[in-house]
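Take a look at the structure set out below.
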Amino acid sequence: MTAAPSTLPALDRRAVALLLAATLTTMANAAISPALPGLEARFADHPQAALLTRFLVPAPSVAVVLIAGWAGVLADRLGRRPLLIGGVLLFALAGSLGMVLGSLEAILLSRLALGVGVALIMTAQTALIADYFDGAARSRVLGLQISARNLGGLVSITLAGVLALMSPMHAFAIHGLALLILPILWCAISEPKRPSPATTAPGAPPATTQRLGLGLWAIAGLQMLTTICFFTMPTQVPFFVASHGIKNTAIIGSVMGALTLAGMLAATRYSTLKPRLGHARLFLLGYGLMGLGMAVLALAPGLAMIFLGAALVGLGFATVSPNFNEIALRAAPADLRGRAAGIMTTSVFLGQIVSPFLTLPMVRHAGYSGTFATLAVLLGLAALVALLAYGVTRGATDAAERAY
């Protein structure tokens, strides 16, 4: 491993390259959102136009869930660099192909191919962060990774909205920006030296079973549950805002912008907060902020409180998100980091897919306020569990110090 514990990521060209790659991952789902009404109108003669145009947004997530685990295996066996560069190239080609395709079915297939590219990018990128950086430097890059994803989503939605004014098909061109990143990745990213897998005693379980323990699956499950709660924001909040009589799409977009900008700011502070608070108290802070934001949304009488609630949820989610990857990558052996990164990538996108299926029935049964209130209670309980975990850990540490 070529770790660099003391290198400032802002001055490390490898970190810059990896963060540029991170900006692509949110773009995959979000970029064509402004073009959806135009695409539905363009293919109005198709009997399933309404359904298929809406499915174009989550389609890459479906491919990621199916592919990310295998991408992790390939990253460990073939190397991270070829997967990252190949993923970015596939992202650019498959994403841009929508400009020239003449049917919704063909566009849908291109979106699934785009998801394969995203799976390769996210898995290789996360594994490379662990390979290149240790300690505080790794914490900082993982925090900046969340900021880069938010920035990529914000910029891509804005640019795609401008392109969609000319033609809804033009919005697909935004994916071609990935080609600008390829030369940087080619020059900056080198394949880390891969350690030899540890030998396994005769009769012992296979290495992947033995050395990727239940802890990794537990943190992946927690990340998925957190994503399910968070993804209520992009899937339900636009309709929640409209239920207040606000139909202006620019205002609805600005609410989502507040969510994204708050997340960008919070994620940049992760490396500063992590040494002071540790993982348990970061979970306490993040889930507390998310729960408070959901409570504000549940009680919001108007637009100002909706903005506040969205910003609080964004702050909380960006506070807990880097925690997941750091814990997972620290626990995984160096030669299995690709698999660990694949599992964590799968958990994020699986949460995105599942979220609407769980929250839409809640909205129909309890309304938007009831749904946000329920999520506020669940996130508050998560914060309480984090507080109890911190108390247990702190108590054990104090007891060990007294014994010593």
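The values are calculated or read from the model by the stated rules, or taken from the named source; none is laboratory data. Because the structure is a prediction, the values reported are computed rather than measured. So basically every Cβ, Gly included, is an ideal-geometry build from the backbone, and we count neighbours across all protein chains shown. All accessible areas refer to the heavy atoms of the entire protein, side chains included, with ligands and DNA or RNA removed. Shrake-Rupley method; radii C 1.70, N 1.55, O 1.52, S 1.80 Å.
Within the span defined as segment 355-377, every residue fails to be among the hydroxyl-bearing types (S, T, Y), assigned to a helix (DSSP H, G or I) and within 19 Å of I121 (Cα to Cα). Among the residues making up segment 133-160, those that are touching a Gly at 6+ places or on another chain (Cβ under 9 Å) and open to solvent by less than 20 Å² (accessible area, probe 1.4 Å) are I146, S147. Checking the stated criteria, G95 turns out not to satisfy the condition of being part of a helix (DSSP H, G or I), out of contact with any strand residue (DSSP E or B) (no Cβ under 6 Å at 6 or more places or on another chain), modelled with pLDDT of 85 or more and surrounded by fewer than 19 Cβ atoms within 10 Å (Cβ to Cβ). Comparison of P301, P333, P322, P356 shows that the only residue that is out of contact with any strand residue (DSSP E or B) (no Cβ under 7 Å at 6 or more places or on another chain) and either at positive phi or free of Cβ contacts under 8 Å to residues at least 12 places away in the same chain (or both) is P301. Where helices (runs of 4 or more DSSP H) fall entirely within segment 224-343, those with at least 1 residues that are open to solvent by 50 Å² or more (accessible area, probe 1.4 Å) and aliphatic (A, V, I, L, M) are at 249-268, 270-299, 303-331.
Being small (G, A, S) and open to solvent by less than 50 Å² (accessible area, probe 1.4 Å) is the requirement here; does G102 meet it? The answer is no for G102. Filtering segment 286-322 to residues that are out of contact with any Leu (no Cβ under 7 Å at 6 or more places or on another chain) and either within 15 Å of T226 (Cβ to Cβ) or of a type in the set (S, T, Y) (or both) leaves G286, G288, F317, A318, S321. When you check L8 against the structure, is it of a type in the set (A, V, I, L, M, F, W, C) and modelled with pLDDT of 85 or more, yes or no? In short, no.
Quick one: count up the residues across segment 92-146 that are among the charged types (D, E, K, R), within 20 Å of A75 (Cα to Cα) and touching a Pro at 6+ places or on another chain (Cβ under 7 Å). Within segment 92-146, residues that are among the charged types (D, E, K, R), within 20 Å of A75 (Cα to Cα) and touching a Pro at 6+ places or on another chain (Cβ under 7 Å) number 2.
Restrict the check to segment 328-349 and report whether at least one residue is touching a Phe, Trp or Tyr at 6+ places or on another chain (Cβ under 6 Å) and under 25 Å from L378 (Cβ atoms). No, every residue in segment 328-349 fails to be touching a Phe, Trp or Tyr at 6+ places or on another chain (Cβ under 6 Å) and under 25 Å from L378 (Cβ atoms).
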